1. Give the residues of the range A:518-554 that are within 14 Å of chain B (Cβ to nearest Cβ) and of a type in the set (D, E, K, R), sorted by residue number.
2. Counting just the residues of the range B:170-226 that are of a type in the set (Val, Ile, Thr) and within 20 Å of the chain's Cα centre (by Cα), which one comes out nearest to residue A:154 (Cα to Cα)?
3. Restricting attention to the range B:433-442, does a residue exist that is within 30 Å of residue B:518 (Cα to Cα) and surrounded by fewer than 20 Cβ atoms within 10 Å (Cβ to Cβ)?
4. Within the range A:32-41, track down each residue that is crowded, with 20+ Cβ neighbours inside 10 Å and either over 22 Å from residue A:21 (Cβ atoms) or not acidic (Asp, Glu) (or both).
5. Contact list please: Cβ distance under 8 Å, first residue in the range A:388-401 and β-branched (Val, Ile, Thr), second residue at pLDDT 95 or above and not in a helix (DSSP H, G or I), pairs at least six apart or on different chains.
6. Does residue A:142 satisfy the condition of being facing another protein chain (nearest Cβ under 7 Å), under 29 Å from the mean Cα position of the chain (by Cα) and not in a strand (DSSP E or B)?
7. Does residue A:17 qualify as being out of contact with any strand residue (DSSP E or B) (no Cβ under 7 Å at 6 or more places or on another chain) and in contact (Cβ under 8 Å) with a residue 60 or more places away in the chain?
8. Identify, by number, the condition in (1) within 23 Å of residue B:202 (Cα to Cα); (2) modelled with pLDDT of 95 or more that residue B:537 doesn't meet.
2 protein chains.
Amino acid sequence: MSTNKMVKSDIEIAQQSTLLPIKDIAKKIGLTEDDLDFYGKYKAKISFEKIHNVQTNTDGKLILVTSINPTPAGEGKSTVTVGLSDALHSIGKKVMIALREPSLGPTMGMKGGATGGGYSQVLPMEDINLHFTGDIHAITTANNALAALMDNHIQQGNQLQIDPRRIVWKRCLDLNDRALREIVIGLGGPGQGVPREDGFDITVASEIMAVLCLASDLQDLKLRLSKMVIAYNYDKQPVTVGDLGVEGALALLLKEALKPNLVQTIEHTPALVHGGPFANIAHGCNSVMATKTALKLADYVVTESGFGADLGAEKFLNIKARSAGLTPSAVVIVATIRALKMHGGVAKNELSDENVAALEAGLENLKKHVETVERFGLPFVVAINRFTSDTKSEISLLQNWCEKNGISVALTEVWEKGGQGGIELARKVLDVIENSHPAFKPLYKLESSLEEKIRTIIQQVYGGKDVDFSAQALKQLNDFKQFGWDKLPVCMAKTQYSLSDDPSKLGRPRDFIVHVRELKPKLGAGFIVAITGDIMTMPGLPKRPAAYNMDVDDKGRAIGLF
Amino acid sequence: MSTNKMVKSDIEIAQQSTLLPIKDIAKKIGLTEDDLDFYGKYKAKISFEKIHNVQTNTDGKLILVTSINPTPAGEGKSTVTVGLSDALHSIGKKVMIALREPSLGPTMGMKGGATGGGYSQVLPMEDINLHFTGDIHAITTANNALAALMDNHIQQGNQLQIDPRRIVWKRCLDLNDRALREIVIGLGGPGQGVPREDGFDITVASEIMAVLCLASDLQDLKLRLSKMVIAYNYDKQPVTVGDLGVEGALALLLKEALKPNLVQTIEHTPALVHGGPFANIAHGCNSVMATKTALKLADYVVTESGFGADLGAEKFLNIKARSAGLTPSAVVIVATIRALKMHGGVAKNELSDENVAALEAGLENLKKHVETVERFGLPFVVAINRFTSDTKSEISLLQNWCEKNGISVALTEVWEKGGQGGIELARKVLDVIENSHPAFKPLYKLESSLEEKIRTIIQQVYGGKDVDFSAQALKQLNDFKQFGWDKLPVCMAKTQYSLSDDPSKLGRPRDFIVHVRELKPKLGAGFIVAITGDIMTMPGLPKRPAAYNMDVDDKGRAIGLF
């Protein structure tokens, strides 16, 4: 997250940190060894029994971290989440973190890890960024087992009369692999299945990831799995997992993955890292199981939603919070001088140069996200995530602008200083929690039509003018209403770079139209996905993937992982 | 494995067994908690440091368990392996098991688990048969990351001049999925990759599985990965992982998977369950790391190779033992009355009826495998794995035949009685080890041509007449010689049901020709695969997959898993 080349890399800092045995971290939040399944010395899953037993505890306060529209390098939202938690921990609060677990696809491609950075990281970062406790592999397996069972059903007589031209269930891999976006399978003759079009999504876009993240327990998981629509039959009626009768097998494959993963920060704050849908192509929040369990175990829980407030926070508030009955006590909006300058028109390679005018122009982006959070009725603090290239004049401008607008703001230096760099933010967040009366409400009613819900998000969250549906989407709106699916919330799939559906429109675009290309029923997750613009559910690799720098030494230590 | 419907199922017996904490099992073989990475309470990986430190220990005796050609239900080879080990354990020997880890594909399809059966099982069987410690998922990920990196290289300018028509690296999944055998990828236009033919193998057939199983340490793993051939360029020259430069990233993805997994039997005998290539389409042995580590930690190590002696044992002895410098002290050949009757011409649904004449005719199959083991210069014991349907006359006939031919034989009842049912076998194996002078040698010299090596296996192991190469295979023989690959051992891909390449030829077929359709260079594994008959590297699912019976209860316990 720093632009200073002399400082240590994230992995160097991580490898030089001393971890406590995870059983000692567990002790801080009242968990014994019997409540845990260990995965090595520094990772553990929490048992279903323990989760059941803490249900009578009082809930802690939930703090949601979001951001402005990010640069491709990200805003350091995870870093601020970790740093804020470490700051609360250091001033004696009983605090836990609830983060998403990273996808391997971007790790092998270009993105930094999802475990924070500098001195604000969750550890062991190598494990968390690689296979971790296998949750995502379990999801990949369940997703593809379902696909194989469906294709086998068709091959073996097709009792359900599934139309191979109308299959909506795709296969998936936890990789960036553009060559698998559009494929034809079942070639080679009658013994090799039925030829049809297919494609792979990245696993974090699989409905099973969303189901795992929204399920309240094993039974709810199974129920949600059974509701997933996999295809339409020759009468154009939906066919579900329940019709195929394999929700039990899928739940069996997912039973361990459903248990939240306990790890720690560099400063030994307990963290649950569990579930990881992307916020641009999925709902972008960690699991309900982890968030709710953390609220039962700690007085303060800091959680993060993906990308800007237009994506992750909107979905956290309209989908996850509504479905799970959560109410955040405060929101933190992370902003960086660099990203604000980018929104003010500065090119990527000039973001390290002072540019007060561009910064001022870019503030429009922050302003929109502030308005959005206010619309949800939630108190908030703006956190300036400081980079070494930020100048005093730039920081003053941002601080003054916030103060002038009555916005609580804190300069954070958590990347460089860990929790000590987040004390001001922690105090302002505590202040906001104590002195505000959150009046949280989702922005739309479930009773509204899908079209109205989408329009509400575009107008109230993106600041756009209206929606334009493709012919396919219009037909789907009608079909979905016939099927009784129009009372579900909407999960927007949209670029993270712009408030609009055009990634090149930075700052605060106005009067734009958002183009909805296609709708996807996700009845297990309990929402309808609206695909906008060119958003793709399987990323590609860059010209020189990060994988080329990776290696492992003789003792098994990771090299070149960030 | 039993045909008696009144007895408990494998999973019932497993769930009613009391496991010891894995640290207590580890203690028996001199391992402390510091030597282990725990995966839950009953599974652990052994650290590289510990493996390195025991290298100066004296090696124990290695016992290889193989069998006659099996029925589709298997012969209970894993069950005998576990039962024999428990028997040795119960008579005070320091013993360990080295088994393969099961693939999820057949588990969701039709096969019984690979963890033994009845009272001779390795535990926790649910975990081992599902995701276990994630080794196979790591292999799937590395395999497909390599494919994605290769396709990305082609998309981003193709500096290596890879010919998309001559790519040999396939993608893989740990599932039975016939629809993925032959596919076309990269469709949808210039932004979606280069259109080409592709296909998925089951992960256990991936060369990376073979590499992981044959690697001696992390450095050797990386070296082997770098040698893997992924394609040919437009000049028809091989392109390797080393040329692409991603062996470091792949090794990083595999570093935890390379550590052997420690578990226990129902009777608390320590077992390493690690690596799991199929023996029909791959080399069919558990990992060298596990076998060699077990030999350093115990006085007796019982290991199993897949399917009959024509497949797993042939490859164990000609490939794994040669490459790793292993010499078995004794071989156990598992036979069942049921399978012998099948080889004598009895239909599958009549195997429970007494049929002495058919049994006598079927003995020919056992005789051939006995001859094969003798050819390798190894002492052996025939183990009769008793089923409840076996009659006294049938058992007597088999025992008498063995005695008449000077063959050491033991009736085992390990399914029903655990180690106590294998005491006779244990004593006979110990007797053979003490009183024989094994003169083990592989059946062919590496200096022979690929054609001669294949002919040797067909004549000396299968009892066939000769080999017939397809036009493609003939061309490949010539190409591979040009590339200097002809001095490698051969890994035959052949049906497990017959000594020939035709699964319908039971008993002891003679004068048959084996048809080699295609050769595949596996330079990382260090062998050339010869594909015979109709053998497929991606299985399909049956009409009613086992998955339909699977479920999980509210507390997370598996239902319907065998």
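1. Of everything in the range A:518-554, those that are within 14 Å of chain B (Cβ to nearest Cβ) and of a type in the set (D, E, K, R) turn out to be A:534, A:543, A:544, A:551, A:553, A:554.
2. Filtering first and then ranking leaves B:202.
3. yes
4. Across the range A:32-41, the qualifying residues are A:36, A:38, A:39.
5. From residues that are β-branched (Val, Ile, Thr), the pairs are A:391/A:354; A:395/A:384; A:395/A:386; A:395/A:411.
6. Against the criterion (facing another protein chain (nearest Cβ under 7 Å), under 29 Å from the mean Cα position of the chain (by Cα) and not in a strand (DSSP E or B)), residue A:142 does not qualify.
7. No: the conditions fail for residue A:17.
8. Against the list (1) within 23 Å of residue B:202 (Cα to Cα); (2) modelled with pLDDT of 95 or more, residue B:537 comes up short only on (2).
The values are calculated or read from the model by the stated rules, or taken from the named source; none is laboratory data. Quick caveat: nothing in here was measured; it's all calculated off a predicted structure. Cβ coordinates were reconstructed from backbone atoms using ideal geometry, including for glycine residues, and neighbour counts include every protein chain displayed.
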